[in-house]
Amino acid sequence: MASAIAETAEATHARADAKAAIRAENDALAHEHVRLKKLGLITDQIQTSEVLTSKLTRDGSANVVPGLDELKDSIKADGLLNPIRVEKTENGFDLIQGYRRLSAFRQLAEETGDPRYSRIPAAMVPRGEPLVGLYRKMVDENLIRKDLSFGEMTHLALSYAGDEGIGAAEAVSSLYASALKQKRTYIRQFARVLEALEGAVRYPEAIPRALGLDLYKLIEGRPDLAKDIADHLNRHPERDKDAEWNAPGGADCAKKRQAQRGANRYPKPP
């Protein structure tokens, strides 16, 4: 009898120890899950309809999402290899990175009717991260893209400057710290053009680098020219991107300047 009681007691203690060990392991796993999720290393499947894109001004233009067809083909063939990044809110999620990926999923859902594309893999970023950190994440991810124009990068910098109440030059230095010095200079010069035109530009992604830099030089030499260009643009609200940068006084003057520069470089033979 005594032996049986002892064995029962040992078994009870063993079960209690096993349960305690399981609870401790579960607690550790739960804490680790929370830690990894805060670092954005845990991916969830979330509804694309719950993702808002208004928290940050995108560095890609709202008028066009370049390379979207190729991205959709890749997603259909191999799935999404790189999840978007979002910040959880009371009513859904704010997009931090992955506007093109989100756009591709939404288009695929509409085009195919496949419910798989109504949900997208997403990593969570910690709530309350300073705005500059969120913008930098987006900028650093997209600096490697060859199709991102100076006009788009400048538009983002000006939006960030407005959000933070700082000057354009400071915004460019902060957001594009990892870019080459020459690129930062170009973005600041584009910022001068867009600021001088006072919001009249509708298609910043359509501004070629050479044209933007020539406009910068023209506006620096003739500040009154900016108002003339802006007034012309505002009188044509239905314009497309080609009409925008063939505006009299703007692209025309810049093209003449480019032509003159070419003539000086390669003078006609006597």
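The values are calculated or read from the model by the stated rules, or taken from the named source; none is laboratory data. These numbers were taken from a predicted model, which means no experiment stands behind them. Virtual Cβ from ideal backbone geometry, glycine too; neighbours counted across all protein chains shown. Side chains included, ligands, DNA and RNA excluded: accessible areas come from the protein's heavy atoms. Shrake-Rupley method; radii C 1.70, N 1.55, O 1.52, S 1.80 Å.
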Expected single match for closer than 27 Å to Gly199 by Cβ and either in contact (Cβ under 8 Å) with a residue 12 or more places away in the chain or surrounded by 15 or more Cβ atoms within 10 Å (Cβ to Cβ) (or both) among Tyr117, Tyr99 is Tyr99
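Output the helices (runs of 4 or more DSSP H) that fall wholly within the range 136-227 and possess 3 or more residues being open to solvent by 40 Å² or more (accessible area, probe 1.4 Å) and without any contact (Cβ under 8 Å) to a residue 12 or more places away in the chain, or say none. First the steps, then the outcome.
Values: elements: 150-164, 168-175, 181-196, 209-221.
Result: 181-196.
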Does Gly92 satisfy the condition of being on the phi > 0 side of the Ramachandran plot and either modelled with pLDDT under 90 or surrounded by 20 or more Cβ atoms within 10 Å (Cβ to Cβ) (or both)? yes
Checking Glu50 against (1) charged (D, E, K, R); (2) at pLDDT 90 or above; (3) out of contact with any strand residue (DSSP E or B) (no Cβ under 9 Å at 6 or more places or on another chain); (4) over 27 Å from Gly151 (Cβ atoms), the condition it does not meet: (3)
Only residues that are open to solvent by less than 80 Å² (accessible area, probe 1.4 Å) and of a type in the set (Asp, Glu): list them for the range 229-239, please. Asp231
